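Nothing in this text is a laboratory measurement; each read-out follows from the coordinates by a stated rule. What you see is a predicted model, and the numbers here were worked out from it, not measured in a lab. Neighbour counts run over all protein chains shown; Cβ positions are idealised from the backbone, glycine included.
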Amino acid sequence: MFRLLNIEFHKLKHSKASKVLIITYFILLTSTALIATINFDFAQVQFHLAEMGVFNFPYIWHLSTYLSSAIKFFLLLVIVSMMANEYSNKTLKQNLIDGLSKKEFVLSKFYTVIIFSLASTIFVFFVSLILGLIYSDFTEIAVIFSDLEYMLAFFIKLVGFFSFGLFLGILIKRSAFAIGAMIMWFMFESFIKGMLHWKLKGSVDFIMQFLPLESMSNLIKEPFTRFSAVKSIAKQIGEDLSKDYTVHFFNIIIVIVWTIIFVYLSYWLLKQRDL
Amino acid sequence: METILVLKNLDKKYGSIHAVNDLSFEIKKGNVYGILGPNGSGKSTTLGIILNVVNKTSGEFSWFNGTKSTHEALKKVGAIIERPNFYPYMTAKQNLKLVCKIKEVSTQNIDDKLKAVNLFHRRDSKFSTFSLGMKQRLAIASALLNDPEVLLLDEPTNGLDPQGIHEIREIIKTIAINGTTILLASHLLDEVEKVCSHVVVIRNGVKLYEGRTEEMTASNGFFDLKTEGNQDKLESLLENFEGIYSIKKEADGKFIAILNRDISAAELNAYLFQNNVVLSHLVKRKPSLEQQFLTLTNSKS
């Protein structure tokens, strides 16, 4: 496993484009968390997010993982291009001739996906922890380390999403088209959702949760309506926003199954193809 | 002699195109083999199959008596396919380091191999800045990194200028002298004739000939002969001579007698002279590999 990771990191280390994207990604990971520390000052109303409790444990785990997953697209570019470039440079062929098996090739990419996801998770964990320790109103150990399942969900979500990118990279062989295909697929899922809402009202969510992108976005639901300030405003205008924000075990299983499908399909495609 | 590679009834179909048709041959240690065939005859497909990048339709092949899986065996093989494929953004040295990691060999050899192909001074230049000849030489350095037991070359001089062709051939010859087994696919006959001890001729995926290179060129010698005397008598004498299987009369009165055993010019001359035919012209010729190749590839169409 370390040999395969070593090979893959050698390929990434010397690629300027990948390096720039990876560094940008991690800078953005930090800054999404920092956005909230900004003071807004308009019309004599001071608006300081940190003092409104957005950094309170354990709510911060939910908020930061949700915001951070929005910038996963930067890393998706790296993942898709590291796959598609092997086709366009024909280095995939050379790797196989040099004695890498097709299985090892796919695994080397998948291990890299895991490492990237793990690194992102650890990174987000520490940034949130530090922000929380500075601004949170509650700093009891038991409160700090509650709701950590959002970190697990974040990790699973990234692995699933990047595995999808990996598969599209192998399937389409061109980075730009593979990203395009991802967007098309997203539109396709939205279309299905719309059609389901129109045709059979009740069981939309039940069916939708099995689709790959929807299942990934279900892992971490939007945290804004959970925020106490928003909730109290909603209550005043007579709207009940309470819903289930927890991470569901069943959802995690669905995403893991998709991950296995994507990785296996990548391997299967590679095995079928003549290079 | 140790067997390096065995192909048994290998078959590859691309839809309706039969690229490799029931191909069998063996590669023994220490020989230099040429796979000869016109463009599109299935040479590259055959190499692709044994190099794990093309899926066979049926048949079998095994490296080193089947003691290793294909991808493990390939770590002991050096291969260069039509176009050199490396990471354009990496330098020569970085590319070779990656190959070392894949083949699981030490990186100590890199400098020596770069010197061997005369690229040491460009070791820190990016691959994308290389000329085709330099790329091809880097590919050779890469194939030699693991001191392979067998070297596979697919059209190694394709697209190179005469200088580049010469350099590559010199490198191949040096490698061959050191006792490395080589399998060279080419449509260039002089290349194969100069370098290879054994040859496999294929066309449309079918094997037409397999054997030693000199046997292929020497198997059928022929005589070019002419007399000022009795033409008919010469013809009938030749017909009765054991070892001549066909006679052709050319427009200028020359006869061409094709042999099926090795007859010296003196032997034939003595026989004709004893039978009162005096020749004005007698030359024994051997067909070039090119003539042989064309005969082979044209005859079975």
Task: Tally of Lys pairs whose C-alpha atoms are under 13 Å apart, taken over region B:76-119, 8 or more apart or cross-chain - done: 5
- [ ] Could you compute the FRET efficiency for A:ALA142 and A:LEU118, with r as their C-beta to C-beta distance and R0 at 35 Å, rounded to 0.05?
- [x] 0.85
TODO: With springs only between Cα atoms under 10 Å apart, run a GNM on chain B and tell me which of B:SER106, B:SER41, B:SER62 wobbles the most.
DONE: B:SER106
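Using the Cβ atoms and a cut-off under 12 Å, what net charge is assigned to the surroundings of A:LYS173, where Lys and Arg are +1 and Asp and Glu are -1?
Values: positive: A:LYS90, A:ARG174, A:ARG273; negative: A:GLU86.
So the surrounding residues net to +2.
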Task: Between helix B:265-274 and chain B: long-axis angle, C-alpha atoms, 0 to 90°, nearest 10 - done: 10
- [ ] Kindly work out what percent of the DSSP beta bridges joining two residues of the protein assembly as shown are antiparallel, to the nearest 5.
- [x] 70
Open item on the list: With 10 angstrom as the radius, rank B:THR91, B:THR174, A:THR225 by how many other C-beta atoms surround their C-beta, starting from the fewest.
Closed with: B:THR174, A:THR225, B:THR91
TODO: Quick one: Debye curve from the alpha-carbon atoms of the protein assembly as shown only, equal weights, vacuum; give me log10 I(q)/I(0) at q = 0.08 Å⁻¹ to two decimals.
DONE: -0.72
- [ ] Pull up the cross-link candidates among the aspartates and glutamates for A:LYS16, meaning alpha carbon to alpha carbon under 19 Å and not fewer than 8 places away within one chain.
- [x] A:GLU8, A:GLU86, B:ASP124
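Give the shape of region B:1-114 as rounded, prolate or oblate, defined through the alpha-carbon gyration tensor: a ≥ b ≥ c are the square roots of its eigenvalues, a/c under 1.5 means rounded, and otherwise the shape is prolate if a/b is larger than b/c and oblate if not.
Working: a/c = 2.13, a/b = 1.55, b/c = 1.37.
In terms of gyration-tensor shape, prolate.
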TODO: Rank these for me by crowding, B:CYS196, B:CYS100, going from fewest to most other beta carbons within 10 Å.
DONE: B:CYS100, B:CYS196
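Which whole number gives the average, over all residues in A:2-15, of C-beta atoms from other chains lying within 10 Å of the residue C-beta? Mind dumping the intermediate values first?
On the way: counts 0, 3, 2, 0, 3, 4, 1, 1, 9, 6, 0, 2, 9, 4.
Mean inter-chain Cβ contacts per residue within 10 Å come to 3.
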Task: Residue order, fewest to most beta carbons within 10 Å, for B:LEU225, B:LEU238, B:LEU188 - done: B:LEU188, B:LEU238, B:LEU225
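Going down the table (B:LYS194/B:LYS286; B:LYS8/B:LYS56; A:LYS11/A:LYS90; B:LYS29/B:LYS286; A:LYS103/B:LYS43; A:LYS11/B:LYS56), which pairs top 21 Å between alpha carbons?
On the way: B:LYS194/B:LYS286 16 Å; B:LYS8/B:LYS56 11 Å; A:LYS11/A:LYS90 14 Å; B:LYS29/B:LYS286 29 Å; A:LYS103/B:LYS43 26 Å; A:LYS11/B:LYS56 30 Å.
Distance filter (> 21 Å) returns B:LYS29/B:LYS286; A:LYS103/B:LYS43; A:LYS11/B:LYS56.
Roughly how big is region B:152-301's charge dipole about its Cα centre, with Cβ charges of +1 (Lys, Arg) and -1 (Asp, Glu), in debye to the nearest 20? List each step's numbers first, then the result.
Working: 16 positive and 22 negative charges, 57 e Å.
Roughly 280 debye for region B:152-301.
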- [ ] Please report, in debye to the nearest 20, how large the charge dipole of chain B is about its Cα centre when each Lys and Arg carries +1 at its beta carbon and each Asp and Glu carries -1 there.
- [x] 1240
Task: Tensor-based shape of chain B (alpha-carbon gyration tensor, a/c under 1.5 rounded, otherwise prolate or oblate) - done: prolate
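If you take the beta carbon distance between B:GLU104 and A:HIS248 as r and set R0 to 35 Å, what does 1/(1 + (r/R0)^6) give as a FRET efficiency, to the nearest 0.05?
Details: r = 44 Å, r/R0 = 1.25.
Efficiency at R0 = 35 Å is approximately 0.20.
Taking the inverse of the average 1/r across all pairs of different Cα atoms in chain A, what Kirkwood radius in Å do you get?
Working: mean 1/r = 0.0487 Å⁻¹.
Evaluated over chain A, this radius sits at 20.5 Å.
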Open item on the list: Tell me the net charge near A:THR112. Cut-off is 11 Å between Cβ atoms, A:THR112 excluded, with +1 for each Lys or Arg and -1 for each Asp or Glu.
Closed with: +1
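Rounded, prolate or oblate: which fits region B:205-301 when a ≥ b ≥ c are the square roots of the eigenvalues of the alpha-carbon gyration tensor, with rounded for a/c under 1.5 and prolate only if a/b beats b/c? Before the final figure, lay out each step's value.
Values: a/c = 2.63, a/b = 2.06, b/c = 1.28.
Cα axes put region B:205-301 in the prolate bin.
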Task: Within chain A, longest stretch free of exposed trypsin sites (Lys or Arg not before Pro) [DSSP loop, at most 12 other beta carbons within 10 Å] - done: A:1-200
Open item on the list: Can you return the lysines within cross-link range of B:LYS284? Criterion is Cα-Cα under 19 Å, with same-chain partners fewer than 8 residues away left out.
Closed with: B:LYS226, B:LYS248, B:LYS249, B:LYS254
- [ ] Let me know the mean shielding of A:97-108 by other chains, meaning the per-residue number of their Cβ atoms within 10 Å of its Cβ.
- [x] 6
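Specify the longest stretch of chain A that does not include any exposed loop site, a site being one of the chymotrypsin sites (Phe, Trp or Tyr not before Pro) with a non-H, G, I, E, B DSSP assignment and at most 14 other Cβ atoms within 10 Å.
A:1-137
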